[in-house]
Each structure stands twice: as C-alpha cells, then as structure tokens.
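Notes follow once the structure below has been shown.
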Amino acid sequence: MKGAAVDPREHRRITFATLIAVALISAALIAYEIVLMRRLLIESWHHFGYLVISTALLGFGASGTFLALIEQRVRARPRGTMLWLTVGLALALLVMPRLATLLPVTARFIPDDLWTQAGWWSLYWLAALTPFLLGAAFLGAALMNAGPRVGQVYAASLFGSAAGAAGAVLIVSRFSIEHGPWPSYVLVLIAVLLLHSGGVVGEARRVVRIAIVLVLAVFALVAERSWPLVPSYDEYKYAARLERLVAQGSARRVAGCADPHGYVELYESDLFHDLPFPALSETPPSMYSLVLNGNPAGSVLRIDDASQASVMDGTLMAFPYQLIRPQPRVLLLGETGGANVWLAQRRAAAWIDVVQPNAGIVSLLAEYSTQLNPAPNSKFHTDHPRSFLVTRKRLPDDLIQVVSLEGLGLGSAGMHGLAEDHLATVEGFADCLRALSGGGVLAVSRGIQQPARENIRIFATLVEALELLGVEDASRHMIQVRDYLGVCTIALRSPLDEQRRKLLRVAIRGFNLTPVWYDGLALEEVNQPDALDGPPGTDVDWLHHAAREILSPRREAFYDAWLLNVRPVHDDNPFFWDFYKPRAVGELKRVYGDLWLTRAELGRLFLYVSLAVAGVAAVVLILVPLGVVEFRRRMKAGRGKDSPRIGVRDRNLSPAALWTIIYFGGIGLGFMGIEMALISRAIRWVGDPVIASALVIGGVLFVSGIGSLTGRRIVGKRVWLAPAAVAVVAVVVRLVGWDMSSGPWVLLLVALLASYFMGMPMPAGLAALNERAPRLVPWAWGVNGVASVIATSAAIVVAMTAGYRTVVLLAAAAYVLAALAGSRLRIAT
C-alpha cells in the first residue's frame, strides 16, 4: 500500500493473545480438514485423505502468493489485516461447505460427463480450499511480523494444530456430518475476540471485536435455520438409494450413531434381501440393512434363534465347515450384520470370536439382534482384526473367516483402489494362518468379476502367505471353488490328505459347486457344471488358469501378462483394491470403446490427475511470488534505492531465492512424505484412515511444536543441522517402521524423535530470512506449502508403486538436499 504509515506500536508486535489466536486458527483448520475427510467418506466413495491434505496445503501455498501481493499492507497494518483475514475465514467456514453440497459431483460417471464432472470437482475443491487459504494467510501474516518470536508463533501453530486434530477425533466420534464444521467456527470467533482491530484505539477496540462476533453469530444462526448443512450423497451410492426409498415411504431409518470409525445407520424395509451368496432354494427372512459411512455394511437377520437362519446353510460361507472338525472354534474377522454368527451357531461351534473395530456396529447389533445376548460360547471384540491376531493370546482356531472381504464385488468404479487394507496383505494372511489349528482353514468368499482380478489376488496372496510361513508346496494347501455368483478361496494349515479330499469332493457335489483348484483335481472336473470363459483353445476357466500359473515357476510371467495388476500386496503397500496397470487403459479403450472409463480403475486416475493439478499449481504459485519479489527488488535497484540484501547482478535467479526454493521445498517434500508413511502405519494399528490421519497429524505437529520451541538452542545459526538430523532419523524410521519383529511402541518412539527434529527446519530457515532477506518470507511460506501439496499425492503414487519404505527413503533424500541448501542459505542472504 503506497504511502501507508507504519504504526510503531503495531509493527512486528506478537502479543500473548495473538499467539493464542494463532493456536485457535490452526486448531480450527485441522479440525475442519479431518471433518472434511469424514464428510467425503460418507457422501462419496472414498475419504480422499491425500486430496484433502493436498487441498489444505495448496491453500497454504496460495497464501504465500497472496501475502507476497499484499506484503506492504501486512507489514504496515498487521493487526488489522489479521483481524479481517479471521473474519473472512469465519464466513468461509459457514458458506463454503453449504455451497459444496449444491455441486452435483460424483466419482462414477460415463465418459460423456468427464469434462462436466471435472468442472464440478474443480469447483468443489475450490470451495474446500478457500477456508485454508484465508486461515493460512492469517498464520503467514503472523510469521511475517513475528521477528525474533518466529519460533513461538510457529510452535503455537503446531500446538494448536495438534489440539485441533485431537478435537477432530471427538467431533467425528460424537457428531453427524451436519454439525462437523461448528467447532471450527466457534474457535475462529474466539480468535476474533482476541485480536486487535487496526486503526482503532482504547476501549473502542473491544467494542469492535464484540460487535463483529455478534454479527457473525447471528449470521450463523440464520444460516443454520434457513440453509441447513445436510448430507449430499453421490447419486450412485447406497445411502442415496436409501434416501430415495425413505422419501417414497418404502424404507424407514431405525437408528444411527457416530463412532470413531464412522457413522452407522440401521434401516428396515420389505425390499431388503441383501444377503451374499444365498441358496436359491431358501427364502431369506426379513432383515435390517446396516449402513456404514453411506455404504452397505451387512444385513441383520430379524430372527430370534439359529433355527431360523437356515438360509445360511447353502451359502459359500457354509462350505468351509465341511472340511473341519465338528464343534469347531470359529474366528470371524470384520463381521458386521451377524449372519455368519448364526451360521456358526447352526454348525454347533464350540466357541465363536467376533472381531469388529466399529463400536457403533456392535452397539446396534446389541440393541436390534439377539446375537449379543450373553452366551457361553461366543464373544464380541471391539478391535482391529490384524491387531487382534497379533496381540490376543487364544487357543488355535479351526476356521478363520475374513468377513471384511465378503461381498459380491460390485465395484465403486475402482475408487476403493485408494483404500488401504492391512489385513488383506501377505503378512496379514500369514498372521491368520499362524492362528489356525493343525487342521484349521482360512476362508474368503468374494463375488465373480469380469475381467477376473479380486479372486486371483486373494488366491495369490494366500499362496505367498503360506510360503512366508515356510510351506514348500502351497498347491497342496489351496482350495478354490465357485458357483454362478461367487468364489470361495481356502488355505489349509496342513496339506490336503486323502481323507479330506474325499470330504471335499462330497461337499462340492452337495453344494453343486464348480471346482477351480485343489490338489488332485482331475482336468475333466474343471469348469463343470457352471462353465465360464477361459484361455482360447482350452476347456478350463480363467480362474483355474490363474491358479495353475501362480502355483508354477511361471508366476512372475503370469503377473506381468495379466491385464490387471493381481500381484499380492504387502504391509509396505497395502492397497489390496488397486488393480491398475497402465497398459490396461489401452486395452479397455479397444474393447469397450467410448465406455472404457466405466471399467477403468478410477482411483488411480483420480490420484494422477490430482498430482498433475498439484504440479501445475506448484509452477504457478512459485513463479508468481518469485516474479513479484524480483520485480520489486529490480524496481528499487533501478531507482537507486536500497535493495534487499539478496545480491542482484543480472537477470538470473538470485542465489538467495534459489537456495530458498531448495531449502523450503525440500523440507516440505520430506515432512509430508514421512507424515503420509506414518499415517499408513497408524492405519495398520488403528484401523480407520480418518482417525489414523487425525492422530498422526496431531501427534507429529505437537511434537514438532516442541522441536520448534527448543530447536534454536540446538541449531543456533547452523540452518543445515535441523534437516540433516531429520534425514538421519528418517532412515531409522524406514528400518524399524515395517519390521514385523518391531512392535508399535518401537515405531512410536522413533516417530516421536523424527517429529521433534521435523519441527526445527522451518523456524530456523524463517529466522535466517527474517534477519537477512525478509521479503522472501512469504515466498518461502508459499514454496513450502506447494512442495507439501505435491508430496502428499506423490507419496501415495510412490507407495502404490514401490512401497512406503521408498517414500521414507525419498523423504530422507529431500531433507539431505535441504541440509545442503541450508548450509548456503545464510551465505547467500
């Protein structure tokens, strides 16, 4: 602002109240970020966690550009600028989520709608970005005027973010998505009360702040009554179908409750017959439909005892009981509706363990099903299946059923490909096999898809899990059968002997199934009685062909040749539902023509598009502030005025600007790479991606805040030392983070150490710039935000391709590069 007078009482004054406001704004932004993840998880097909984090960080990057453009105003009137940025944030939190519900976005669409949906999604993410842009601009303005207290401001931001993440866990655990943004809005209003208004003195300041808060509060109440924030489901999602049924009077919502793992609802209707793989000869009883985060989670049979559950006897899930001893011990991993509990009771199970991480599901079952009534032979455990297998000491099981993988496989256009499943990995299935008795079986039932992918990967994962346990000939331990709807894949703890083989053949005939694979299967038995397509010139189906190739020395060649990616996944890259292969896109276009997108793995395509958009944004958001800073510096130099101490000699990028890009870009890439890897490990132990994100983000930021406060004593003016320390600890994270012999506490300690050092590079670099080249501070803020945006999507791309170990290694390399730039930063400035 040309000619603006600088009030000496305002210039670079950061009061205690301002620090509290910084913490509150940071908490509000992180809480809104987590709530937005949960909202997308419920309304759409995926939580899009990486994209929400990218959007938040893009807002931070864009704020650097914004601050560079209004730098003189920010430095001349810091308090007034921060106050009005806070007011803008409050309005954005109130208006933007409501605008987003009006946009007809969907993750599933036909090719003709591609560009239309691209436009709607762009508007959706623009609406989501706005609060982060305004909030980050407030934080950047505080850092620009912090002077020697930059470490305290940065620490207040980190501590506030940590508190916001912890609070977000409580919000999504107790409130429906309609009320999710309210806590963030209240925090922003409190921040308004704490901030001084520029240009107003004395008692009038307090009056102005109170008046602003009252106006915002009234505005919020009016909006809540006249424009309520209601869920806007994807039109193809199950919850949208239920909404239509309820509106028609054909269904009724019975109950609902929030839980850390999601929002659980129970519906009743005479139209519900959603039981996987039912026998055609049986009429299903009436049932409730259990819904988790807008997706079908299971069917709750409305019966009083096991004698009324005869419909379960002819299902694929009943088949494994023919191969185990009478009165077995049964473990049901991820059971939801309880149908498999009834089945186990009908098979006179001696003991039934049911593992379900969602306490809300268990609560609704307890209220609306008789299965949770006290029984001497069963127990429900609210725990993550993988954690239960590793930590609970129990007698060996005769049957372990992976219920969480059950279903017809009717897809969500590949959107689940972005989701992590830490049970359906080679190591996860190996944990299941270890828990079996000598005659025990591990069973998975899944629907048939074309082209085949899920059942091939299940078979291959079980084979490699057996090999991980030291089994030399896995072909003698594997069984796969199918009917016209689904496939049951079984791994035996002991090799198939002749007695069991006879039982198996009798069971196949009794269930009228088609054998796909077992040791001793005759060629004339394959693909009969239900014939499916197979390799040209043969009588076998594709599933048998896949099983034969996987169990042969040609396994790797088969994986490479198959149209989709069916390689087993590991703890390092636990994306079981990702079947993307680049060459599949061309083949799908050839086979399906203009409809190829309806068969494509949209999860990967979304990921790649978001990474490309982040790359474009990076160029724009780095070059714009750079051009502004360089133009102003050259204009001053041309007029003979004192130029910033960045040494301009020609038209090339100045050394200070170059090292600033490398340093702040490097720590942005490294920070988010490590954080995304830690989120994956947290999902392994917590089970829920939204809660895991909140815990990791909160924990990392809190410990980083401690590092920011205390780091100056350790680092001093040696800017390079902080990123170098992070690089060393990151290597340790890579070594112990995915070592199965290391428990979660070892990883936790190493993660805390890494987080502590991760809080040091940012304030160290900003202090150097504030001292020597203050005009580069907003530019550094933007570069760091943009690099973080790229890292968030890029980390998932690398993890899905090469694993999270590689992500951590690349993050360490980014910190090494930042350390080299840090050694030159003070010299250049």
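The values are calculated or read from the model by the stated rules, or taken from the named source; none is laboratory data. Everything numeric here is computed off the predicted structure, so don't read it as measured data. Note: ideal-geometry Cβ built from the backbone for every residue, glycine included; neighbour counts use all protein chains shown. Calculation scope for accessible area: heavy atoms of the full protein, side chains included, ligands and nucleic acids excluded. Shrake-Rupley method; radii C 1.70, N 1.55, O 1.52, S 1.80 Å.
General remarks:
- Qualifying residues in region 700-726 (those that are within 16 Å of Leu678 (Cβ to Cβ) and open to solvent by less than 30 Å² (accessible area, probe 1.4 Å)) - the one modelled with the lowest pLDDT: Leu701
- Selection count where residues are within 12 Å of Leu436 (Cα to Cα), outside any helix (DSSP H, G or I) and either of a type outside the set (Lys, Arg) or under 23 Å from the mean Cα position of the chain (by Cα) (or both), scope region 381-398: 4
- Residue that is nearest to Val585 (Cα to Cα) [pool: residues in region 105-122 that are at pLDDT 80 or above and open to solvent by 70 Å² or more (accessible area, probe 1.4 Å)]: Thr116
- Complete set of residues in region 537-556 that are open to solvent by less than 80 Å² (accessible area, probe 1.4 Å), out of contact with any Lys or Arg (no Cβ under 9 Å at 6 or more places or on another chain) and under 21 Å from Ala465 (Cβ atoms): His544, Ala546, Ala547, Ile550, Leu551, Ser552, Arg555
- Residues (more than 30 Å from the chain's Cα centre (by Cα) and under 15 Å from Val441 (Cβ atoms)) located in region 470-489: Val471, Ala474, Arg476, His477, Met478, Ile479, Gln480, Val481
- Residue match in region 527-537 (condition: in contact with a Gly (Cβ under 9 Å, 6 or more places away or on another chain), over 18 Å from Leu405 (Cβ atoms) and small (Gly, Ala, Ser)): no
- Looking across region 671-687, the residues that are more than 18 Å from Gly759 (Cα to Cα) and open to solvent by less than 10 Å² (accessible area, probe 1.4 Å) come down to Ser680, Arg684.
- The residues of region 533-546 that are of a type in the set (Gly, Ala, Ser) and touching a helix residue (DSSP H, G or I) at 6+ places or on another chain (Cβ under 6 Å), listed by number, are Gly534, Ala546.
- Subset of region 259-282 [out of contact with any Asp or Glu (no Cβ under 9 Å at 6 or more places or on another chain) and open to solvent by 30 Å² or more (accessible area, probe 1.4 Å)]: Tyr263, Glu268, Asp270, Leu271, His273, Asp274, Pro278, Leu280, Ser281
- Unique match (being part of a helix (DSSP H, G or I) and closer than 30 Å to Leu766 by Cβ) among Ser157, Ser173: Ser157
- Considering region 371-380, and only residues there that are modelled with pLDDT under 80 and open to solvent by 50 Å² or more (accessible area, probe 1.4 Å), the residue that is farthest from the chain's Cα centre (by Cα) turns out to be Pro376.
- Test set (1) closer than 28 Å to Val222 by Cβ; (2) modelled with pLDDT of 85 or more - Val22 fails condition number: (1)
- If only residues of region 807-829 that are open to solvent by 50 Å² or more (accessible area, probe 1.4 Å) and modelled with pLDDT of 85 or more are counted, the one that is farthest from Ile674 (Cα to Cα) is Leu820.
- Matching residues, region 462-501, being within 23 Å of Pro396 (Cβ to Cβ), open to solvent by 60 Å² or more (accessible area, probe 1.4 Å) and in a helix (DSSP H, G or I): Glu467, Leu468, Arg476, Gln499
- Single residue of region 687-699 satisfying the filter (among the β-branched types (Val, Ile, Thr) and at pLDDT below 85) that is nearest to Trp659 (Cα to Cα): Ile697
- For region 507-528, the criterion of being open to solvent by 70 Å² or more (accessible area, probe 1.4 Å) and touching a Phe, Trp or Tyr at 6+ places or on another chain (Cβ under 8 Å) is met by no residue.
- Residues that are touching a Pro at 6+ places or on another chain (Cβ under 9 Å) and over 17 Å from Val444 (Cα atoms) were ranked within region 389-432; the one that is modelled with the lowest pLDDT is Ala419.
- In region 123-142, the residues that are open to solvent by 10 Å² or more (accessible area, probe 1.4 Å) and closer than 19 Å to Leu194 by Cα: Leu134
- Beta carbons closer than 6 Å, at least 6 apart along the sequence or on distinct chains, pair a first residue in region 497-521 that is farther than 20 Å from Gly440 by Cβ with a second that is open to solvent by 40 Å² or more (accessible area, probe 1.4 Å) for Thr514/Asp530; Pro515/Glu525.
- Given (1) under 25 Å from the mean Cα position of the chain (by Cα); (2) at pLDDT below 80; (3) small (Gly, Ala, Ser), number of the condition Ser157 does not satisfy: (2)
- The condition (being under 26 Å from Ile177 (Cβ atoms), part of a helix (DSSP H, G or I) and in contact (Cβ under 8 Å) with a residue 12 or more places away in the chain) is satisfied by just one residue among Val690, Val703: Val690.
The rows are residues; the columns are (1) in contact (Cβ under 8 Å) with a residue 24 or more places away in the chain; (2) among the aliphatic types (A, V, I, L, M).
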site: Gly534; (1), (2): no, no
site: Thr538; (1), (2): no, no
site: Leu551; (1), (2): yes, yes
site: Ala557; (1), (2): no, yes
site: Arg567; (1), (2): yes, no
site: Asp571; (1), (2): yes, no
site: Pro574; (1), (2): yes, no
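- As for region 133-150, it holds at least one residue that is at pLDDT below 80, in contact with a helix residue (DSSP H, G or I) (Cβ under 7 Å, 6 or more places away or on another chain) and assigned to a helix (DSSP H, G or I).
- Listed by first and then second residue, the pairs linking a residue in region 209-238 that is under 28 Å from Leu194 (Cα atoms) to a residue that is among the aromatic types (Phe, Trp, Tyr) and surrounded by 11 or more Cβ atoms within 10 Å (Cβ to Cβ), with Cβ atoms under 8 Å apart and 6 or more places separating them unless they lie on different chains, are Ala220/Tyr185.
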